[in-house]
Amino acid sequence: MVNERRPDDMVRITTPELADAYIEERIAALKAQVGDKKVLLALSGGVDSSVVAAMLIKAIGQQLVCVHVNHGLLRKGEPEQVIEVFQNQMKANLVYVDATDRFLDKLAGVSDPETKRKIIGGEFIEVFAEEARKLDGIEFLAQGTIWPDILESEAGIKAHHNAGGLPEDMKFELVEPVRILFKDEVRIVGERLGLPANMVYRQPFPGPGLGVRCPGAITRDRLEAVRESDAILREEFAKNGLEGKVWQYFTVVPDFKSTGVKDGKRTFDWPCIIRAINTTDVMEVTVEHLSDELIDHLVNRIIKEVPGINRVLFDYTPKPPATVEYE
Ligand code: XMP
């Protein structure tokens, strides 16, 4: 159904039974809408597109073509998880595009945050459109639009990402199977569709990915330092029962160096900043205070295991005045 709206009297999906009923109804509707035609989906591995993929795989199987564009700015293990879950376990028709070099070459030397965002967004659409042109007989484009996206775009808060700015000549009918759901409902539906909990309950992650956590001009070595330190932080949060409790946590490696000493020799390396925050609406944010023990452990692991880091800092700043991300 195009431009579908959430009915005022719709019961909030809070139980597995309600989620199952929603899934059943949607699968029937998707089959009716799509028939024997093909559907294309940009599968980032985020919550919304993953749930849309799982739902469509159930409804139309191989008529769905998922395209996963790896822009080189994803977290450690993310592209691998998309391939494992969707291609290996769910047997989806998945096109994996490693466009890392293309993105990083375009971003080389670009330090302005908005220009970086524009390059990442623009290049993403170009890569996706190129892949779409290689495919025959696609009539539908699936999107992970959710109800808050519609509400925010109607309120003028956020431009809705509908149809993602695809070139004019590429016209598809939209398929939006989670359009009328709130985020918590999408997560329950995803769980019932068999997606792993760490995919369905993951923390928010910006579209430009680790690119905004590597402030200034992105270099491959500093990006690797962000990716490795982020992986350590996530691993330790999971081990310490903080995963799913703290809203968002990540590392940032800024573009300056300071002196240090290692094995009796002078070093000149980057600092790694840890940020861990809580919020309900992301307009106001408080800092999650970690135990001294955990901070000590994180500092030790990061300076030992991540090349190029000789100092670890913790960001104690709420929002406002600081934003969550550094650019
Ligand atoms: P800020 O930094 O504005 O972040 O306080 C608020 C929330 O939005 C996320 N964020 C983004 N998400 N594209 C996204 O999809 C972006 O360009 C972007 N910038 C920030 C951020 O991670 C936080 O959850």
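The values are calculated or read from the model by the stated rules, or taken from the named source; none is laboratory data. Note that the structure is a prediction, hence the values are computed from the model and not measured. Using ideal geometry, Cβ is built from the backbone for each residue, glycine included, and neighbour counts are taken over all protein chains shown. For the accessible areas, the whole protein counts, side chains as well, though only heavy atoms, and no ligand, DNA or RNA atoms are used. Shrake-Rupley method; radii C 1.70, N 1.55, O 1.52, S 1.80 Å.
Only bridges whose two residues both fall in the chain count here: according to DSSP, what percent of them are antiparallel, nearest 5?
Taking every DSSP beta bridge within the chain, about 35 percent pair in antiparallel fashion.
Quick one: with all protein chains in place, what share of the accessible area of region 10-121 is carbon or sulfur, to the nearest percent (1.4 Å probe)? Let's see the in-between values first.
Values: 2610 of 4860 Å².
Percent of accessible area from carbon and sulfur atoms in region 10-121: 54.
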One finds, for ARG102 and LEU166 with R0 = 25 angstrom and r their Cβ-Cβ distance, a FRET efficiency to the nearest 0.05 of 0.85
With each label point set 7 Å from Cα along the Cα-Cβ vector, what nm distance links ASP296 and ALA322? 2.4 nm
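Multiply the residue separation of ILE27 and ASN278 by 0.36 nm, subtract the distance between their alpha-carbon atoms, and state the gained length in nm to one decimal. Provide the component values of the computation, followed by the final result.
Working: separation 251, 0.36 × 251 = 90.36 nm, distance 3.55 nm.
Fully extending the segment from ILE27 to ASN278 adds 86.8 nm.
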For region 106-118, in residue order, the Karplus 3J(HN,Hα) values (coefficients 6.51, -1.76, 1.60; θ = phi - 60°; whole Hz; Gly and Pro = x) are 5, 8, 4, x, 8, 10, 6, x, 5, 5, 4, 4, 4
For the chain, the longest stretch holding no chymotrypsin sites (Phe, Trp or Tyr not before Pro) located in a DSSP loop with at most 11 other Cβ atoms within 10 Å is which? 1-255
Selection of trypsin sites (Lys or Arg not before Pro), region 213-290, meeting DSSP coil and at most 12 other Cβ within 10 Å: LYS245
Sticking with the crude label model, points 7 Å out along Cα→Cβ, report the distance from MET10 to GLN89 in nm, one decimal please. 2.6 nm
Average accessible area per residue (Å²) across the chain - probe 1.4 Å, nucleic acids and ligands excluded: 48 Å²
Please compute the Kirkwood hydrodynamic radius over region 220-321, one decimal place, Å, based on all pairs of different Cα atoms. 14.3 Å
Go ahead and set up a Gaussian network model of the chain, Cα springs under 10 Å, then flag whichever of ILE23, ILE295, ILE274 fluctuates most. ILE295
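FRET efficiency for LEU151 and GLU114, Cβ-Cβ distance as r, R0 = 22 Å, nearest 0.05? Please list the in-between numbers first.
Working: r = 25 Å, r/R0 = 1.15.
E between LEU151 and GLU114, to the nearest 0.05, is 0.30.
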Listed pairs LYS106/LYS134; LYS31/LYS171; LYS91/LYS304; LYS116/LYS257 exceeding 30 Å between Cα atoms: LYS91/LYS304
